[in-house]
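First up is the structure itself, then whatever we jot down about it.
The values are calculated or read from the model by the stated rules, or taken from the named source; none is laboratory data. From a predicted model like this one, the values you see are computed outputs, not experimental measurements. Here the Cβ positions follow ideal geometry from the backbone for every residue, glycine too, while neighbour counts run over all protein chains shown.
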Amino acid sequence: MQNEAQTIQRSHEEISLHLDGRAGRFRGFTFKSSMADSLESRSDCTTLSTISVATTATPLDQKHRYHVFFAYSARDVIWVEYVVRRLESDPYHYQCCYAARDFNKTVTHVQNVLCSIMLSQRIVVVLTPDFVSSSWREYEENIVHLTLMSQCRLSVIPVMLEQCDLPESLRSWQLVSAHQESFWQSLLQALQPESLTFSESLYTIRSLSSPSSGFLNGQVLVAQSASIDGFCKPHLLFDHEEIPDPLTAHDVALSRHDYSELMKLVGREEAGLHLSWLFSAIPNIALAVMFVLWCTAFILVILLFPDNQPSTLPVRLCVFSLPAVSIVLSCVLRWRKLKLLKEQFYISMFARSIRANKLLYERNKPLLMTTTRTHNDNFYIYFLYYNRSNCIERIKLFLMQCTEDDAAKLSKLIDVYTLNSNYSSGLSLAARLAVMLSSAYAVNLIFHRIPHTLEQRHTKRRQCLCQFVEEFLTAYLSCVRQQETSTTNLQYIFCHYMNCQFRPDATVLQALGISVIETV
């Protein structure tokens with residue numbers, strides 16, 4: 001293929017490239033001598049009509065590695081390589097990035113595209129019928145996702161290499177035609193800093209075609225409180241019949257069946273819907289009966305034992321104190337037992353909310369579900385609006401710096417935390433982590449424990465889910481990478497980021513694949 005690619009002839013005649021269709025499915029294409037002149041003979045390229053065009057690329061800032069990234073179909077790689085060689089040579093010295101040369105073969109194509117776009121000041125989109133039909137959708141999604149991130153303001157330069165239908169989302173940019181004599185000057189002009197046109201308009205166009213409910217990431221849509229129902233056999237009752245209006249909005253579109261299923265999943269006790277008899281009216285009735293009997297006995301003692309008898313005082317003290325002590329002890333024991341049962345029930349509810357978030361993500365619903373317990377021991381189930389797709393892409397980029405050993409330890413953590421070795425096993429590690437920590441993130445968000453941040457990504461003012469996960473991963477991996485891990489650090493990480501208590505049990509430590517050192 002390289003030998004055939006060398007058939008490019010720089011002349012004033014028609015230039016033709018003929019490639020073997022079997023070796024990568026490239027096709028031959030032609031461009032006229034006028035284009036050859038514009039690409040080859042005009043080495044100075046200093047003017048475009050009356051507009052001055054600088055010949056040397058401006059220095060890159062700290063955020064970018066490349067001046068331009070080329071998005072193209074594999075069948076157009078020869079043309080792209082030719083343009084890149086010209087841009088990188090004298091006198092231009094542009095830093096270019098394109099798939100055939102610069103992509104890292106050890107990571108996926110999507111990760112390569114995301115990294116390249118983020119590290120580039122501009123994106124040159126090489127438009128051909130093949131590219132529009134097969135590749136543009138992927139690049140469009142990546143540009144839209146990265147546009148939502150505050151650090152990724154992208155500039156797109158569409159270049160029409162072959163006549164094709166221009167995608168609607170690209171019609172807001174000035175098109176550069178590869179068949180015009182002024183192509184090279186137009187391209188250089190578009191690469192200048194003053195010519196930047198940011199891709200916010202791309203997201204705007206896409207948003208118009210997908211009507212939004214107006215919800216913001218992290219916005220609480222529903223807070224369902226529970227009531228205890230049942231005289232002898234109590235159960236915790238959440239309203240799972242009528243779906244709240246915010247959950248039926250266009251962006252959410254949660255069905256009544258799914259809502260009922262989720263509420264029943266999270267709001268049930270492990271052994272069924274019935275609570276312990278301590279939650280029923282039976283203990284209150286028993287205490288009331290004891291109080292009545294106590295009052296009756298006390299009155300009888302006063303009537304039957306006159307004050308002048310020596311045995312009156314001991315009898316009155318026994319009748320008064322023993323039932324009173326019994327009633328007080330019963331109340332204290334019941335209160336402590338109820339507190340323990342409520343704590344256990346809340347832990348079970350929270351664990352089930354982790355499974356509920358898995359279902360919501362698998363059904364492509366932009367929702368987080370979590371549970372809370374107030375100081376008055378009232379139970380709540382919350383639904384928050386949150387589109388996790390953009391956060392997951394950022395987490396994928398963060399995980400690229402992790403080793404295989406780190407990934408193995410994170411997989412073990414997911415298995416232990418969810419009590420399910422197959423928890424979202426078909427998803428990427430980034431998606432599994434984001435879904436797993438959704439409940440804990442939502443709890444911290446509800447109680448305003450999520451800090452404010454200057455780098456706003458996908459939420460307003462406070463840390464978004466991907467920042468929360470990245471902060472957790474930094475703390476957890478730095479802890480478990482040590483030969484002996486501090487239990488104090490692990491306890492803080494599990495409590496702060498995962499909303500659970502960590503006990504250094506030998507079985508748990510073995511399952512996590514870590515060794516700890518006890519700290520005082």
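Looking at Leu114, Leu87, which one is outside any loop (DSSP other than H, G, I, E, B), within 22 Å of Asp61 (Cα to Cα) and out of contact with any strand residue (DSSP E or B) (no Cβ under 9 Å at 6 or more places or on another chain)?
After applying the criteria, what remains is Leu114.
It is to be established whether one or more residues within segment 75-92 are touching a Gly at 6+ places or on another chain (Cβ under 9 Å) and either of a type in the set (Asp, Glu) or modelled with pLDDT of 50 or more (or both). Don't jump to the end; show me each part of the working.
So in segment 75-92, the residues touching a Gly at 6+ places or on another chain (Cβ under 9 Å) come out as 75, 77.
Filter once more, keeping what is either of a type in the set (Asp, Glu) or modelled with pLDDT of 50 or more (or both): 75, 77.
Within segment 75-92, one or more residues are touching a Gly at 6+ places or on another chain (Cβ under 9 Å) and either of a type in the set (Asp, Glu) or modelled with pLDDT of 50 or more (or both).
With segment 442-520 as the region, which helices (runs of 4 or more DSSP H) entirely inside it contain at least 2 residues that are touching a residue at least 40 places away in the same chain (Cβ under 8 Å) and farther than 21 Å from Lys396 by Cα?
Correct list: 506-512.
Applying the selection to segment 419-441, what residues are in contact (Cβ under 8 Å) with a residue 24 or more places away in the chain and over 29 Å from Phe215 (Cα atoms)?
Correct list: Leu419, Asn420.
Between residues in segment 241-258 that are over 16 Å from Tyr382 (Cα atoms) and residues that are part of a loop (DSSP other than H, G, I, E, B) and of a type in the set (D, E, K, R), which pairs lie under 8 Å by C-beta distance while being six or more apart or on different chains?
Pairs that qualify, where the first residue is over 16 Å from Tyr382 (Cα atoms) and the partner is part of a loop (DSSP other than H, G, I, E, B) and of a type in the set (D, E, K, R), are Ala253/Lys365.
In segment 480-489, is there at least one residue being within 18 Å of Ala440 (Cα to Cα), surrounded by 14 or more Cβ atoms within 10 Å (Cβ to Cβ) and hydroxyl-bearing (Ser, Thr, Tyr)?
Within segment 480-489, not a single residue is within 18 Å of Ala440 (Cα to Cα), surrounded by 14 or more Cβ atoms within 10 Å (Cβ to Cβ) and hydroxyl-bearing (Ser, Thr, Tyr).
May I ask you to list the residues in segment 384-401 that are over 12 Å from Asn217 (Cα atoms) and at pLDDT 85 or above?
Matches in segment 384-401: Ile392, Glu393, Arg394, Ile395, Lys396, Leu397, Phe398, Leu399, Met400.
Looking only at residues that are at pLDDT 70 or above and assigned to a loop (DSSP other than H, G, I, E, B) in segment 207-225, which one is nearest to Ile446 (Cα to Cα)? Spell out how you get there, then give the answer.
Of the residues in segment 207-225, the ones at pLDDT 70 or above are 215-225.
Retained after the next criterion (residues that are assigned to a loop (DSSP other than H, G, I, E, B)): 215-218.
Values: Phe215: 16, Leu216: 14, Asn217: 13, Gly218: 9 Å.
By that ranking, first place goes to Gly218.
Of all the residues that make up segment 90-111, how many are of a type in the set (Lys, Arg) and in a helix (DSSP H, G or I)?
The initial filter retains those residues of segment 90-111 that are of a type in the set (Lys, Arg), namely 101, 105.
Next, from what is left, pick out any that are in a helix (DSSP H, G or I): 101.
Of the residues in that region, 1 qualify.
Filter segment 433-471 down to the residues that are aliphatic (A, V, I, L, M) and closer than 20 Å to Cys402 by Cβ, then identify the one that is surrounded by the fewest Cβ atoms within 10 Å (Cβ to Cβ).
Ranking the qualifying residues of segment 433-471, first place goes to Met436.
Residues of segment 374-415 being closer than 30 Å to Pro244 by Cα and touching a Lys or Arg at 6+ places or on another chain (Cβ under 7 Å), which ones?
Passing the criteria: Asp377, Phe379.
Is one or more of the residues making up segment 402-418 buried (at least 20 other Cβ atoms within 10 Å of the Cβ) and either more than 14 Å from Tyr497 (Cβ to Cβ) or among the charged types (D, E, K, R) (or both)?
no
In this structure, is Lys365 under 30 Å from Leu216 (Cβ atoms) and either in contact with a His (Cβ under 8 Å, 6 or more places away or on another chain) or of a type in the set (Lys, Arg) (or both)?
Judged against the criteria, Lys365 is a match.
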